[in-house]
1. Out of the residues in segment 55-71 that are within 21 Å of residue 42 (Cβ to Cβ) and modelled with pLDDT under 80, which is surrounded by the most Cβ atoms within 10 Å (Cβ to Cβ)?
2. Tell me which residues, restricted to segment 72-89, are surrounded by fewer than 19 Cβ atoms within 10 Å (Cβ to Cβ) and either assigned to a strand (DSSP E or B) or without any contact (Cβ under 8 Å) to a residue 12 or more places away in the chain (or both).
3. Can you find a residue in segment 92-100 that is touching a strand residue (DSSP E or B) at 6+ places or on another chain (Cβ under 6 Å), without any contact (Cβ under 8 Å) to a residue 12 or more places away in the chain and either over 27 Å from residue 25 (Cβ atoms) or not in a loop (DSSP other than H, G, I, E, B) (or both)?
């Protein structure tokens, strides 16, 4: 019998993996092509710059001078927001450098264009809004209160009431469905 072929080195043996770990290398190379050695500046822009600045500007490119220290961050903004953003650039530069951990950005320039940029359908890095939960059925809430009525501690009773409401609501939704 011939020996077994060596295992494929590209096969993953750890089961399921997060999509971010699978795409991390590709995102890094795409970001590095535009000068973003740290992709955190792109993905967490609203946290770094603040919600007011993130609403009117986004990073486009980081350019490095030959033999010079520090880089130039280019931000895309609308013409109406540019004067207000121009006044906030020194504070923004401090925030961006805090993200890098050292004085990486020495200058920030603004590029003005339409609110959507030159191309339609650009990717947005803002998180999706959380779905609104609908109120549970009042009969289910009453059943949950009946079940947890003899618990003396208010905090524990409220937590158990929420748990019972969730369990009974799920039971109502799935009742009658086949698996």
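1. Restricting to residues being within 21 Å of residue 42 (Cβ to Cβ) and modelled with pLDDT under 80, the top hit is 70.
2. 72, 74, 80, 83, 87
3. Step one: of segment 92-100, the residues touching a strand residue (DSSP E or B) at 6+ places or on another chain (Cβ under 6 Å) are 93, 96-97.
Next, from what is left, pick out any that are without any contact (Cβ under 8 Å) to a residue 12 or more places away in the chain: 97.
From what is left, the residues that are either over 27 Å from residue 25 (Cβ atoms) or not in a loop (DSSP other than H, G, I, E, B) (or both) are 97.
Yes - at least one qualifying residue is present in segment 92-100.
Here is a yes/no grid of residues against (1) modelled with pLDDT of 85 or more; (2) outside the structural domain of residue 64 (by TED's automatic domain parsing):
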site: 95; (1), (2): yes, no
site: 101; (1), (2): no, no
site: 105; (1), (2): yes, no
site: 120; (1), (2): no, yes
site: 129; (1), (2): no, yes
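The values are calculated or read from the model by the stated rules, or taken from the named source; none is laboratory data. The model shown is predicted, which means the values in this text are computed figures rather than measured ones. Cβ: placed from backbone, ideal geometry, glycine included. Neighbour counts: every protein chain shown.
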